[in-house]
Amino acid sequence: MEAGETVAIIGTYEKALLGFSISGGKDQEISIRLKFTNQGHIGHVLTVASHSPFVASGGEDETIRLLDIRKGIEHGTLVHHEGSLNKLVFHESASTLFLMCASVDGTISIWKCSQFDCLHALTGHKGEVSGLDVHPSGRFMLSVGLDKTLRTWNLMTGRQAFIKRLGRPSSSVKFSPDGSLFFLAFASSIEIYETASISVKYTISNTESPVTCLIWWGNDRLITGHQDGTLTMYSLDSEETEVKLVASSGSTHKNRVKCMSQTVRNGKSILLSASSDSLLVLWDVKRSKFQELTTAKVPGRPICMTVC
């Protein structure tokens, strides 16, 4: 990885990690090219996370594979879980880097990245853990699972602190950048919660096409990807009780949007979206529209993505 380079990493159904190099930005034309392919996994790659210099990937083969993206080499493999891996999250706290992993086996592992030792194996969920995220403060973590619960974990003690029964399973959870809000994704709706009270503040439902993925865009906007290949942006006004639809993309994607990520190149914020028709699209997101910057063909069917 060259100095100043941005790399998008995509995990695929074909067991591969694909690295795309992104260049340009601001006053320069954005361009993208396939940089590398890694075939280390022996099953679908279901989750990928990054924190320079590491890229971590996991999936059906129950292993976490580590790449050193700066050196362009494999760093090693972590084995702990007895089930597919659903979510990986890096978090840096007090200059120490940690890696969290949610698994189908009902547990969450926490790894210290200096030596990649497993510090904790958190138990509590009665079944598959489908998603997790760490609060920006690093003090606590949220997880969701097929047991229809939202669980809060005290990362200072490594113990469960609180359980909220949701009444239905959630597939993912994610804090806003400032940590004041978080969303839960359900089969037919999205609920946005206030972190302090763990109470619902906004709900998104009855979309024209089912939501297949979503991402925070700042602290007051959400971008959703849909089954029909479109993207939609919602505004969360602190003075209102309902979200406002402020932008929708065209039909660049011809099939469902599987994953999204974001990066900044030379001062320009860029949204990346990848779809089941093997297309990666880079967007300039305005306050009220999506402007397509460039596209790239993905040699495989995307499942997950990160940018480093």
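Rundown of residues vs (1) modelled with pLDDT under 95; (2) in contact with a Pro (Cβ under 9 Å, 6 or more places away or on another chain); (3) outside any loop (DSSP other than H, G, I, E, B), yes/no style:
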site	(1), (2), (3)
Glu2	yes, no, no
Gly19	no, no, yes
Gly24	yes, no, yes
Leu34	no, yes, yes
Val55	no, no, yes
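To keep it simple, each residue is scored yes or no on (1) at pLDDT 95 or above; (2) open to solvent by 10 Å² or more (accessible area, probe 1.4 Å); (3) more than 16 Å from Thr212 (Cα to Cα); (4) assigned to a strand (DSSP E or B).
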{"site": "Ser269", "(1), (2), (3), (4)": "no, yes, yes, yes"}
{"site": "Ser273", "(1), (2), (3), (4)": "yes, no, no, yes"}
{"site": "Ser288", "(1), (2), (3), (4)": "no, yes, yes, no"}
{"site": "Gln291", "(1), (2), (3), (4)": "no, yes, yes, yes"}
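Which numbered condition in (1) out of contact with any Pro (no Cβ under 7 Å at 6 or more places or on another chain); (2) closer than 27 Å to Gly145 by Cα is the only one that Ser288 fails?
Of (1) out of contact with any Pro (no Cβ under 7 Å at 6 or more places or on another chain); (2) closer than 27 Å to Gly145 by Cα, only one is false for Ser288: (2).
With respect to Ser21, determine if the residue is in contact with a Lys or Arg (Cβ under 7 Å, 6 or more places away or on another chain), among the hydroxyl-bearing types (Ser, Thr, Tyr) and either open to solvent by less than 10 Å² (accessible area, probe 1.4 Å) or in contact (Cβ under 8 Å) with a residue 12 or more places away in the chain (or both).
In short, yes.
Which strands (runs of 3 or more DSSP E) sit wholly inside region 124-193 and have at least 1 residues that are open to solvent by 60 Å² or more (accessible area, probe 1.4 Å), of a type in the set (D, E, K, R) and touching a Phe, Trp or Tyr at 6+ places or on another chain (Cβ under 8 Å)?
In region 124-193, 159-165, 172-175 are the strands (runs of 3 or more DSSP E) which contain 1 or more residues that are open to solvent by 60 Å² or more (accessible area, probe 1.4 Å), of a type in the set (D, E, K, R) and touching a Phe, Trp or Tyr at 6+ places or on another chain (Cβ under 8 Å).
So which of Ile10, Ile73 is open to solvent by less than 10 Å² (accessible area, probe 1.4 Å) and touching a Leu at 6+ places or on another chain (Cβ under 9 Å)?
Ile10
Filter region 31-48 for residues that are of a type in the set (A, V, I, L, M) and open to solvent by 10 Å² or more (accessible area, probe 1.4 Å) and give the result.
If the condition is that a residue be of a type in the set (A, V, I, L, M) and open to solvent by 10 Å² or more (accessible area, probe 1.4 Å), then Ile32, Leu34, Ile42, Leu46, Val48 are the ones that fit.
Among the residues of region 215-230, is any part of a strand (DSSP E or B), surrounded by fewer than 17 Cβ atoms within 10 Å (Cβ to Cβ) and in contact with an Asp or Glu (Cβ under 8 Å, 6 or more places away or on another chain)?
No, region 215-230 contains no residue that is part of a strand (DSSP E or B), surrounded by fewer than 17 Cβ atoms within 10 Å (Cβ to Cβ) and in contact with an Asp or Glu (Cβ under 8 Å, 6 or more places away or on another chain).
Of Glu29, Glu74, which residue is part of a strand (DSSP E or B), over 27 Å from Val285 (Cα atoms) and modelled with pLDDT under 95?
Glu74
The values are calculated or read from the model by the stated rules, or taken from the named source; none is laboratory data. This one's a predicted model, so the numbers in the text were calculated from it and none came from an experiment. For neighbour counting, all protein chains shown are included, and Cβ atoms are generated from backbone atoms with ideal geometry for every residue, glycine included. Surface accessibility is based on the protein's heavy atoms, side chains included, excluding ligands, DNA and RNA. Shrake-Rupley method; radii C 1.70, N 1.55, O 1.52, S 1.80 Å.
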